[in-house]
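Laboratory data are not the source of any read-out in this text; all were calculated from the coordinates shown. Remember, predicted model here, so these are calculated numbers, not experimental data. Please note: Cβ atoms are built from the backbone with ideal geometry, for glycine as well, and neighbour counts cover all protein chains shown.
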Amino acid sequence: MTHAVTPASADVWLLAREHPAGLRRSTGELAGALRAVYGDRFAVWRTDELVLGVRGGRLVLRTLGGTEVAAPKVVCVRQLPGSMHHDREVSLLRHLERMGAALVNPLAAHLACRNKLWQLQELALAGLPVPDSLSYATAPLEGVVRTPGFDVPCVVKPVTGYQGRSVFLAPDAHMLREMAGALAQDVPLLFQEHVATSHGRDLRVVVVDGEPVAAELRTSCDGSLASNLARGGSATLCPGRYPQAEALAVRAARTMGLAVAGVDLLFGPADTYTICEVNAVPGWRPGMTGVIPAIAACVARRLDGRGELDGRGEKDRGDEDRGARNRGDREPL
């Protein structure tokens, strides 16, 4: 078990995915920084260490051993939204929010970022530049790729994918039609405009509470499409080099209701940029020294009741009332 303090005493949590998955390097460093600040008021929990429910008309949390756990004031969520299950981890996050905890990031923002099409819907409605894209609900994939006006070449990705998995460039419609029957269809696919001026490179900007605190230029190692570090790409730190891109990243994070965001931008012609996607649980490289202090300050603001946002980037007026209902004296379980 990763927490060594009395659970009820922790005001600040870092919530990570179930065992045996290890903590990402950036998550471990963040946990160490928060522990240094908050001491026994901080705890790391895994999603498989808790049970949740209603007892005597009140929302409750318990350990597997039966110990009651008071809801914290702030939770840093460090599980990638794409790996969350709606009836499992999402239910736990919703339970914590309904008990009055401030989530960094809010659940609604995690859910919006979990689905790449949902991201595009929000970003486009806000007037931000995104690639032309096509997806579907229950239409047969073989029919989708034969839709008149289907644009190629295009980037193909699952709507709930993460870390660049199962992403590829389809150079022509014939290839897609031939492959349609073999493509995984457990979730819908997203067919996205190939921004040729950004082939094999993109820009990641980390935004915390409306400020760009880190940026890196990511490049594929072999001229392929994938520049994601998880797919073997390389990265060069470049804070301040692309101020227009950083400003766009701030707008994207705000649109998605994210206090902490990793925004991936594509390079367009003539110093223009297009938003590829927005990540609700970004990692960061060791040289990005401003990220952890910025997140620690973000946590402190929410611990003091300042800066808490709902999933639309607006102050949530209901949390104080919910917390008052759920942080009172508990009856024994």
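So, counting K/R as plus one and D/E as minus one, what does the shell of residues with Cβ under 12 Å around Val145 add up to?
Numbers: positive: Arg146, Arg177; negative: Glu142, Asp151, Asp172, Glu178.
Charge balance in the 12 Å sphere: -2.
Within 10 Å of each candidate Cβ there may be at most 16 other Cβ atoms; applying that plus a DSSP loop requirement, which trypsin sites (Lys or Arg not before Pro) in the stretch 224-307 survive?
Here the sparse-neighbourhood loop sites are Arg241, Arg306.
Counting each DSSP H run of 4 or more residues in the chain as -39500 (n - 2.57), what helix-only mean residue ellipticity at 222 nm follows after dividing by all residues, to the nearest 500 deg cm²/dmol?
Roughly -7500 deg cm²/dmol at 222 nm, from the helical runs in the chain.
Taking amide H positions as placed in the peptide plane 1.01 Å from N, state which residues far from Val60 in sequence (5 or more) or on other chains have amide H under 5 Å from it.
For Val60, whose amide H was placed from the backbone, the distant partners under 5 Å are Gly53, Val54, Arg55.
Select from the stretch 58-137 those trypsin sites (Lys or Arg not before Pro) which occupy a DSSP coil region and have at most 12 other Cβ atoms within 10 Å, ordered by residue number. Show your work: numbers first, answer last.
On the way: sites: Arg58, Arg62, Lys73, Arg78, Arg88, Arg94, Arg98, Arg114, Lys116; in loops: Lys73, Arg78, Arg88.
Loop-located and lightly packed - Arg88.
Compute the Cα gyration tensor for the stretch 140-206, then decide on rounded, prolate or oblate, letting a ≥ b ≥ c be the square roots of its eigenvalues: rounded whenever a/c is under 1.5, prolate when a/b is larger than b/c in the other cases, and oblate in all that remain.
On the way: a/c = 2.31, a/b = 1.42, b/c = 1.62.
In terms of gyration-tensor shape, oblate.
Take every Cα-Cα distance within the stretch 102-247, group them into 5 Å bins from 0 onward, and report for each bin the whole-number percent of pairs it holds.
P(r) over the stretch 102-247, rounded to whole percents: 2, 8, 15, 19, 21, 17, 9, 5, 3, 0.
Among bridges DSSP assigns within the chain, what percent are antiparallel (round to 5)?
Details: 42 of 54 bridges.
Approximately 80 percent, going by the DSSP bridge assignments.
List the residues, sorted by chain then number, that are 5 or more residues from His194 or on another chain and whose placed amide H is less than 5 Å from its amide H.
Correct list: Val155.
Which translational diffusion coefficient, to the nearest whole µm²/s, is obtained for the chain from the Stokes-Einstein equation, given a Kirkwood hydrodynamic radius over C-alpha pairs, 10 °C and 1.306 mPa s?
Taking Rh from Cα pairs, D becomes 76 µm²/s.
So for the pair Asp151, Glu178, with labels modelled 7 Å out along Cα→Cβ, what separation do we get in nm?
2.5 nm
Order these by the 10 Å Cβ neighbour count, fewest first: Val54, Val145, Val90.
Values: Val54 9, Val145 24, Val90 16.
So the ranking, lowest neighbour count to highest, is Val54, Val90, Val145.
Which whole-number percentage describes the relative contact order of the chain, with Cα contacts under 8 Å and a sequence gap of 6 or more? Don't jump to the answer; show the numbers that get you there.
Values: 638 pairs, mean separation 60.2, N = 333.
Result for the chain is 18 percent.
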